[in-house]
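Let me begin by presenting the structure, written as structure tokens, before commenting on it.
The values are calculated or read from the model by the stated rules, or taken from the named source; none is laboratory data. These figures come from a predicted structure and were not determined experimentally. Here the Cβ is made from the backbone with ideal geometry for all residues, glycine too, and neighbour counts use every protein chain on show.
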Amino acid sequence: MGNYEILKWDSDFFGFKVAKIEEQVFKNKTTDPEDFFWHLKQENVHLIYCYSSKPIDVLKFNKHYSFDHIVTRIPLIMKLNRKFDFHPKISFYNEDNVNESLKELAVLAGLKGRFGKDKKIPKSSCEGVFKSWIENSLLNKEPVLIYKIDNEIVGMITFKIEGESGFGGLLAVYPEFEGKGISFALLRAMMYVLQERGCNFFYSGTQQLNTKALKVFERFGLIPQEPQFVYHLWKKN
């Protein structure tokens, strides 16, 4: 039976099988949800991520997995058709080892996301996901921009480039430095880099409940798209 993907990185990190399914599975009238989840349980899949453009009530009624609507994600898009500046307090992070401040900022960003909202995922595991995220960003040579005050990192943004598009990763500023325009400066610097590298569009997203981040992105000019519902399903004993 297909219609799902085992996620190697997530499975290796958590120490049990993690799979991803799409809403198309349940639009196919030949797919019996009960049989589908029974098969995943037999495959010893402990956690399933499901993404949908609409709420999927059918997930509630299966006998094999508990069901939680974790977050509603708002995709964002921006056409890079204006000029951006690169603030003098911003630079690329070029060290081989991950600074502790970067790890702390990555965790700050992650706790507001779907892993931070799933009460079945221990806080230590959630923190580990995002510490690994920033480590992998550097390992994969993905750009990481940092904002420094008095030679200390107070904010950072990560992103990646695929073809003519840029994709947002983590954006975080220490709480005591919020409200000083640092998030906007990091966004402008990232857009500057994207334009320099030939990108025409930028794609990102944030959680509907993270109103602070959503307001920052909208004020900056990113356009919200149709919401995406994110579910976590955990294997029952």
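Computed values, structure above
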{"quantity": "Yes/no for Val107 being touching a residue at least 40 places away in the same chain (Cβ under 8 Å), aliphatic (A, V, I, L, M), buried (at least 19 other Cβ atoms within 10 Å of the Cβ) and under 30 Å from His46 (Cα atoms)", "calculated": "no"}
{"quantity": "All positions within region 221-236 that are under 19 Å from Asn81 (Cα atoms) and surrounded by 15 or more Cβ atoms within 10 Å (Cβ to Cβ)", "calculated": "Gly221, Leu222, Pro224"}
{"quantity": "Boolean, Phe159 is touching a Phe, Trp or Tyr at 6+ places or on another chain (Cβ under 7 Å) and among the aromatic types (Phe, Trp, Tyr)", "calculated": "yes"}
{"quantity": "Sole residue being at pLDDT 95 or above, under 23 Å from Leu209 (Cβ atoms) and out of contact with any His (no Cβ under 8 Å at 6 or more places or on another chain), chosen from Leu76, Leu47", "calculated": "Leu76"}
{"quantity": "Selection status of Lys131, in contact (Cβ under 8 Å) with a residue 24 or more places away in the chain, assigned by TED's automatic domain parsing to the domain that holds Gly169 and either farther than 20 Å from Met191 by Cα or of a type outside the set (A, V, I, L, M, F, W, C) (or both)", "calculated": "yes"}
{"quantity": "Residue pairs meeting the criteria (Cβ under 7 Å; at least 6 apart or on separate chains; first on the phi > 0 side of the Ramachandran plot, in region 166-193; second buried (at least 21 other Cβ atoms within 10 Å of the Cβ))", "calculated": "none"}
{"quantity": "Contacts under 8 angstrom Cβ, first residue in region 216-234 being basic (Lys, Arg), partner crowded, with 16+ Cβ neighbours inside 10 Å, 6 or more apart", "calculated": "none"}
{"quantity": "Single residue of region 137-146 satisfying the filter (over 22 Å from Leu80 (Cα atoms) and either surrounded by 12 or more Cβ atoms within 10 Å (Cβ to Cβ) or in the same structural domain as Trp9 (by TED's automatic domain parsing) (or both)) that is farthest from the chain's Cα centre (by Cα)", "calculated": "Leu138"}
{"quantity": "Counted residues, region 1-15 - those being surrounded by fewer than 13 Cβ atoms within 10 Å (Cβ to Cβ) and either in a loop (DSSP other than H, G, I, E, B) or among the small types (Gly, Ala, Ser) (or both)", "calculated": "3"}
{"quantity": "Condition check for Phe84: modelled with pLDDT under 95, surrounded by 11 or more Cβ atoms within 10 Å (Cβ to Cβ) and not in a strand (DSSP E or B)", "calculated": "no"}
{"quantity": "Residue within region 101-116 that is in the same structural domain as Leu187 (by TED's automatic domain parsing), of a type in the set (Lys, Arg) and closer than 25 Å to Asn3 by Cα present", "calculated": "yes"}
{"quantity": "Total residues in region 117-147, condition over 29 Å from Lys235 (Cβ atoms) and either of a type in the set (A, V, I, L, M) or not in a loop (DSSP other than H, G, I, E, B) (or both)", "calculated": "8"}
{"quantity": "Within region 71-87, tally of residues that are within 21 Å of Phe167 (Cβ to Cβ) and in contact with a helix residue (DSSP H, G or I) (Cβ under 7 Å, 6 or more places away or on another chain)", "calculated": "6"}
{"quantity": "Region 163-215, subset outside any helix (DSSP H, G or I) and among the β-branched types (Val, Ile, Thr), residue surrounded by the fewest Cβ atoms within 10 Å (Cβ to Cβ)", "calculated": "Val173"}
{"quantity": "Selection within region 19-55 - of a type outside the set (Gly, Ala, Ser), assigned to a strand (DSSP E or B) and closer than 18 Å to His69 by Cβ", "calculated": "Lys20, Ile21, Glu22, Leu47, Ile48, Tyr49, Cys50, Tyr51"}
